[in-house]
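Written out below as structure tokens is the structure these notes cover.
The values are calculated or read from the model by the stated rules, or taken from the named source; none is laboratory data. The shown structure was predicted, so the numbers you read here are calculated from the model rather than taken from an experiment. All Cβ positions, glycine included, derive from the backbone under ideal geometry; neighbour counts span all protein chains shown. The protein model used for the area step is the full one, side chains on, heavy atoms only, and it has no ligands, DNA or RNA in it. Shrake-Rupley method; radii C 1.70, N 1.55, O 1.52, S 1.80 Å.
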Amino acid sequence: MTTALSQHKVESILYLNGVNKSFDGFKAINNLALDIAPGELRAIIGPNGAGKSTMMDIITGKTKPDSGEVRFKDYIDLTKHDEADIANLGIGRKFQKPTVIESLTIWQNLDLALAGGRGIWQAMFATLSGEQKARIEQVLDMIGLYEKRAELAVNLSHGQKQWLEIGMLFIQEPEVLLVDEPAGGMTDVETMETARLLKDISQNHSVIVVEHDMEFVRALESKVTVLHEGSVIAEGSLDQVSAQERVIEVYLGR
Ligand SMILES: Nc1ncnc2c1ncn2[C@@H]1O[C@H](COP(=O)(O)OP(=O)(O)O)[C@@H](O)[C@H]1O
Ligand SMILES: [Mg+2]
């Protein structure tokens, strides 16, 4: 294709502007603006109730904004798409609660995620192509669970389950990964491993990660956006935003 659109260089993988969302008169998202470049790794921080998860809900189509622009790759208006469409467009989300199937092995969980629409029966009994096997092995390696591939997921630590979950999202090859509080409940070592994993993924994907753990956010070495009461109050490196009066007041100083 040689249309103007196919030659267009993407400026923003995700672009939000003037976004508002109220729940029963309570303004959870207030004139929110966010601009994520292709391939960027961005950390979103902010106190409880700041609107971080609601922002993710709006990007993924789970929640419709009352007003404002929400765009994917500059030209796709996400407010006109539903949740299933948005996932198919290439925006993948990892929720706080794991969706790993504990009675299956690590390999089978990845196989199932790779199968996507093919369903559990296909995933369990269909013969995998060499390409599919290689893909599963590549992801196992990336999430550090290759040696454990034949074990049941129930035997994984909390941190390992989260990595499997990230692997299950990654194997579906989304362009953008949204990750909500991956380090919650992890040991310090697991937390640092998770930062490494997300940095790895961000080498050729855009990643937005919401997290409370400051050591984790520091290890990401990414640009940080601070949300408060549904708006961005600061943006920059962790050191830059941590030095801002308003941020100390509403978040770091608590
Ligand atoms: N579906 C909903 N109905 C009513 N209130 C909601 C709903 N979702 C979120 N909220 C409210 O919106 C605010 C932002 O919530 P949330 O986005 O979950 O914050 P965060 O993830 O930053 O902790 C909170 O005050 C929360 O209670
Ligand atoms: Mg949340």
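So what does E173 come to for accessible area, using a 1.4 Å probe and Å² rounded to 10?
For E173, the solvent-accessible surface is approximately 120 Å².
Enter the accessible area of K52 (Å², nearest 10), with the probe set to 1.4 Å and all protein chains included.
For K52, solvent-accessible area is about 10 Å².
Heavy atoms only, probe 1.4 angstrom, no DNA, RNA or ligands counted: give me M55, M168, M214 ranked by accessible area, highest first.
Reading off the accessible areas and sorting them downward yields M214, M168, M55.
Using r as the Cβ-Cβ distance of S129 and R196, and R0 as 35 Å, what FRET efficiency do you calculate, to the nearest 0.05?
The calculated FRET efficiency here is 0.70.
As a test of the definition: which semi-axes, in Å, follow for the chain when you take the square root of five times each eigenvalue of its alpha carbon gyration tensor? Largest first, please.
Output for the chain: semi-axes of 31, 23, 17 Å.
Which of rounded, prolate, oblate describes region 90-221, given a ≥ b ≥ c as roots of the alpha-carbon gyration tensor eigenvalues and a/c under 1.5 marking rounded, otherwise prolate only if a/b is larger than b/c?
prolate
Per 0.36 nm of contour for each residue apart, how much would the distance between F23 and L89 grow if the chain were fully extended, relative to their Cα-Cα spacing?
21.0 nm
Let's test the formula: R0 of 35 Å, r as the Cβ-Cβ distance of D188 and H8. What FRET efficiency results, to the nearest 0.05?
Computed FRET efficiency for D188 and H8 comes out at 0.20.
Want the number for N31 to S237: 0.36 nm per residue separation, take away the alpha-carbon distance, what's left?
Gain on extension, N31 to S237, equals 71.9 nm.
Pairs to check: K9/K199; K80/K133; K73/K161; K27/K80. Give those whose C-alpha atoms are more than 28 Å from each other in this structure.
Violating the 28 Å Cα-Cα cut-off are K80/K133; K73/K161.
From largest accessible area down, sort R218, R149, R42; use a 1.4 Å probe on the protein chains.
Ranked list, largest accessible area first: R218, R149, R42.
Largest first, how would D24, D57, D82 line up by accessible area (1.4 Å probe)?
Reading off the accessible areas and sorting them downward yields D24, D82, D57.
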